[in-house]
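What follows is a set of notes on a single structure, which appears directly below.
Rule-based calculations on the coordinates, nothing more; no lab input. Every value quoted in this text rests on a predicted model; they were computed, and no experiment measured them. Neighbour counts are summed over all protein chains in view; Cβ atoms, including those assigned to glycine, are modelled from backbone coordinates with ideal geometry.
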Amino acid sequence: MHFSLEQLLPEIVRYDAWASGTHFNLPILLFQGENDLLTLTAEAQAYFGDLEAPAKRMELIGDAGHFAMFLQPELFLEKLLAYARPLANMRTAKVASEE
């Protein structure tokens, strides 16, 4: 971890999510650990607020930090199924109707 942090920290400090743009032509789902100390929730919420997408949703995962999917796997899966699956099903139905 120490070696990795030494290598990655300079890049992490310079990272600017806004530089990659805020307009996307696909749905955006952001699952954020409520107690994330690496990607601060307030910063994630600010970026999410600036996003433009055909559909977007941000879900906070309680009692979780940066690795929310490992710290709260059941809750992460519940949210993934509730919000990502319907989008996937819509896409599958659209493709099938075009064939």
Completion exercise
Per the list (1) exposed (fewer than 15 other Cβ atoms within 10 Å of the Cβ); (2) of a type in the set (Asp, Glu); (3) closer than 25 Å to MET90 by Cα, residue check on ASP63 breaks on (3)
Exercise for the section: Give the range 15-42 a look and list any residue that's touching a residue at least 24 places away in the same chain (Cβ under 8 Å) and among the acidic types (Asp, Glu), or say none. Expected result: GLU34, ASP36
Fill in the blank from the handout: Checked the range 36-67 for anything over 23 Å from ASN25 (Cα atoms), outside any loop (DSSP other than H, G, I, E, B) and in contact with a helix residue (DSSP H, G or I) (Cβ under 6 Å, 6 or more places away or on another chain); matches are ILE61
Problem - Residue count for the range 59-90, restricted to those that are closer than 15 Å to THR39 by Cα, of a type outside the set (Gly, Ala, Ser) and in contact with a Phe, Trp or Tyr (Cβ under 9 Å, 6 or more places away or on another chain) - result: 4
Handout entry: Residues (among the β-branched types (Val, Ile, Thr) and surrounded by 12 or more Cβ atoms within 10 Å (Cβ to Cβ)) located in the range 11-57
Key = THR22, ILE28, THR39, THR41
Practice task
State whether the residues of the range 7-24 include one that is under 13 Å from the mean Cα position of the chain (by Cα), within 24 Å of MET90 (Cα to Cα) and not in a helix (DSSP H, G or I).
Solution key: no
